[in-house]
Amino acid sequence: MRQIFASLWFALHSAGQNFRRNLGVSLAGVFTMGLIIFLVGGSLLFTHSVDTVLQGQEQNASHLKIYLSDNASLAAITNFESRLKTDPRVISVTFETKDQAAHQASQNPDIASALNVLGSNPLPASLNLNVRKLTDLSQFNAEAKATPIVDSTTPTDYNSDVISKLNTVITVIEWVGAIIAIILLTISIVIIMNTIRTAVYSRRTEIEIMKLVGATDWFVRWPFILEGMLGGLLAAIFSGAVVFGAYRLFVQAAQGNLLSVPFDVRYTVTLLIVLLVGGVAVGAFGSFLGVRRFLSA
Amino acid sequence: MSVAVAERSSAPPQHALRPVISFHGVSKVYPNGTEALRDVDLAIHQGDFCFLVGPSGAGKSTLVRLLIRDEAPSTGRIFIDGQEVSRMSHRKLPKLRRKFGIVFQDYKLLTRRTVAQNVAFALQVTRPGQRHLREKVEEVLWIVGLEDKLDKFPDELSGGEQQRVAIARALVHRPRIFLADEPTGNLDPDTSWGIVQLLLQINHRGTTVLMATHNREVVDLVRRRVIAIDNGRVVRDEAEGSYLREGTATL
Ligand SMILES: Nc1ncnc2c1ncn2[C@@H]1O[C@H](COP(=O)(O)OP(=O)(O)OP(=O)(O)O)[C@@H](O)[C@H]1O
Ligand SMILES: [Mg+2]
């Protein structure tokens, strides 16, 4: 116990000393790390916000109207409707009669007058489908086309173009975000590694003596790893605070303008924890790499 | 210069049957192709005092580095205390190195630490939380005659005094084998003689001492075992030898 405390004290004390003795390099390292964590946190929050907005769009887009032919029997319609209702991909199905369709359409005064002129109702009845995933829509569209009671000239209101574009945008944003995060992560590991190399270099005599008198590798390593963890923690605290503040401002600004981005508390808290743990882990790993070469000699 | 000599213990050096250090056909070729040692056979017993002599580049430091496994031999086997050092795993090296006390020509002191802190460092990094640290440090500093310099910094000491601090640091964990690689290389004759006296005294307490040196006067005055190396080979090994081969100008 006494031994553990003494070792821990030695490591902490040396880590603090390293940090102070190479204050310039240490601060530069923490600052760059902080900037990177800020970029990672910021881009994650941004992606999340865009995702939230797009998911709202997606929900609007996951509707499909299946137009029914005028001479379809009520029994056939009910049969088709219940088949759709039992499909696990489907959230809800509602039946819209010709009258309801006309009523809906006549909300637009132009269409209302056109209907009046015609005297009869040309609008088809429809089954209005709400599905869970945007990507399932094309399958339902194909299925509708193959069903006899569906209007053969205009089977559905499926618009493959808009939907696939929306899909692409979401995937691209997610991928770009992930790639940027990986690149930034690598850069921050390299930065920590070099900060620790400087610390190792300025302590080379001490390390040499430690090895000569028979200190274990871990005893030599710990101060540097702690230093890296401390640096990572500091960077994460500062940039986490900045990310948090910036996110609040962004949400406020967006609300004042066209979009309403919700302030996602759960996501933000999780993100801040991830940034802290990530900063410490990156610091530890970078330092480990930084001292590794020196120790194996 | 006055030399503080502690009381000599009356115990004579004991010769165990098994040598504490032994080399069997050891060669060392550095990665760049330099053959630093060739086919060296050696046996050094507990309590021995040995000089390792030879011209610059003969391989003396290489031999010391092989002992503490700072380098591994290219061929042959090295045993310390019956343990094969040449095939020891990296994990066991700290324990091996705690058997040695070692000093060099450059004292390798930490300039930001005081004399006492420099000595304490060796214990703090190998046995953290050691009890009675201060007493142990003061005791070895008394042995080397620096009991009144505890709180001085290395810059404030003479070369001889700095080497004594290094010796105290090497002694503080009570090593079985004391290695000194040209410990007097930077010192004037009087101061050198004081350091050698100190090493003899350490030896008298039962510690095996191996000292690599160019210092002809010292070797000839002390008259202890001399191992001469030239061009990587052991060319002479005498129980009470001199720096050069008796009556010649060669090793
Ligand atoms: N790390 C190394 N890499 C390559 N060659 C080396 C290395 N260290 C020493 N040598 C070479 O090995 C030979 C023996 O060197 P060593 O340092 O053992 O000699 P020495 O007897 O201690 O000399 P000195 O009296 O000058 O200290 C020399 O030729 C030297 O150049
Ligand atoms: Mg040498």
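Here are a few things to note about the model shown:
- Charge dipole magnitude, Cβ of K and R +1, D and E -1 - the protein assembly as shown, Cα centre, debye nearest 20: 1780
- The label-point distance for A:Arg20 and A:Val242, in a model that sets each label 7 Å from Cα toward Cβ, rounds to 2.6 nm.
- Debye-formula intensities of the protein assembly as shown, expressed as log10 I(q)/I(0) at q = 0.09, 0.10, 0.11 Å⁻¹, are -0.80, -0.91, -1.02 (one equal scatterer per alpha-carbon, no solvent).
- Each peptide in A:219-229, B:52-62 receives the mean, over its residues, of other Cβ atoms within 10 Å, and ordering these scores from highest gives A:219-229, B:52-62.
- Note on chain B: with charges restricted to the Cβ of Lys and Arg (+1) and Asp and Glu (-1), its dipole about the Cα centre is near 1240 debye.
- Peptide-level mean, for B:117-125, of C-beta atoms on other protein chains within 10 Å: 4
- Given charges at Cβ of Lys, Arg, Asp, Glu: segment A:63-132 dipole, positive-most of A:Leu129, A:Ser106, A:Ile91: A:Ile91
- At the residue level, B:Leu244 shows approximately 30 square angstrom of accessible surface with a 1.4 angstrom probe and all protein chains present.
- Restricting the calculation to Cα atoms, segment A:1-141 shows an Rg/Rh of 1.48 when the hydrodynamic-style radius is the Kirkwood one.
- Where both bridge residues fall in the protein assembly as shown, DSSP classifies roughly 65% of the beta bridges as antiparallel.
- Average 1/r across all pairs of distinct alpha carbons in segment B:16-81, invert it, and you get the Kirkwood radius: 12.4 Å.
- At least 15 Å along the helix axis (C-alpha) and Kyte average at least -1.0, DSSP helices within chain A: A:2-21, A:23-61, A:74-85, A:160-202, A:217-256, A:265-296
- Counting only DSSP beta bridges whose two residues both lie in chain B, roughly 50 percent are antiparallel.
- For segment B:90-98, the Karplus equation 6.51 cos²θ - 1.76 cosθ + 1.60, evaluated at θ = phi - 60°, returns couplings of 3, 5, 8, 4, x, 5, 4, 5, 6 Hz by residue, with Gly and Pro reported as x.
- Other protein chain C-beta atoms within 10 Å of residue C-beta, averaged over A:200-213: 5.
- For B:Leu37, residues with placed amide H under 5 Å, excluding near neighbours: B:Lys28
- For segment B:141-233, the list of GluC sites (Glu not before Pro) that fall in a loop by DSSP and count at most 10 other C-beta atoms within 10 angstrom is empty.
- Rounded to two decimals, the Cα radius of gyration of segment A:158-286 over 2.2 N^0.38 Å is 1.55.
- One decimal place: the segment B:Ala72-B:Lys95 gains 6.6 nm when fully extended, by the rule 0.36 nm per residue minus the C-alpha distance.
- The C-alpha atoms of chain B define a longest principal axis, and helix B:159-171 lies at about 80 degrees to it.
- Calculated FRET efficiency, A:Thr147 to A:Arg89, Cβ-Cβ distance, R0 = 25 Å: about 0.95 to the nearest 0.05.
- Look at the stretch B:171-178: the mean tally of other chain Cβ atoms within 10 Å of its residues' Cβ atoms is 1.
- Ligands, DNA and RNA aside, A:Ser126 has an accessible area near 0 Å² when probed at 1.4 Å.
- Dipole of segment B:160-218, positive direction: furthest Cα of B:Leu187, B:Asn215, B:Val165, with charges on the beta-carbon: B:Val165
- Three principal axis extents of segment B:51-137 based on alpha-carbon atoms, in descending order, are 43, 31, 21 Å.
- Of A:Asn71, A:Tyr158, A:Leu39, farthest towards positive along the dipole that unit charges on Lys, Arg, Asp, Glu beta carbons give chain A: A:Leu39
- Debye equation applied to the C-alpha atoms of chain B, log10 I(q)/I(0) at 0.09, 0.10, 0.12 Å⁻¹: -0.39, -0.48, -0.70
- Seen from a random direction on average, the alpha-carbon convex hull of segment A:63-132 projects onto 5.0 square nanometres.
- Remark: segment A:63-132 carries a charge dipole of roughly 320 debye about the Cα centre, counting +1 on each Lys and Arg Cβ and -1 on each Asp and Glu Cβ.
- The orientation-averaged projection of the convex hull spanning the C-alpha atoms of chain A amounts to 23.7 square nanometres.
- Amide H within-cut-off set for A:Ser69, under 5 Å, with H built and near neighbours excluded: A:Val150, A:Asp151
- Sequence ranges B:121-130, A:179-188, A:100-109, ranked by mean other-Cβ count within 10 angstrom, highest first: B:121-130, A:179-188, A:100-109
- Between the helical axis of B:133-143 and the longest alpha-carbon principal axis of chain B there is an angle of about 70 degrees.
The values are calculated or read from the model by the stated rules, or taken from the named source; none is laboratory data. What you are looking at is a predicted structure, and each value in this text was computed from that prediction instead of being measured. Cβ: placed from backbone, ideal geometry, glycine included. Neighbour counts: every protein chain shown. Accessible surface is based on the protein model in full, side chains and every heavy atom, while ligands, DNA and RNA are left aside. Shrake-Rupley method; radii C 1.70, N 1.55, O 1.52, S 1.80 Å.
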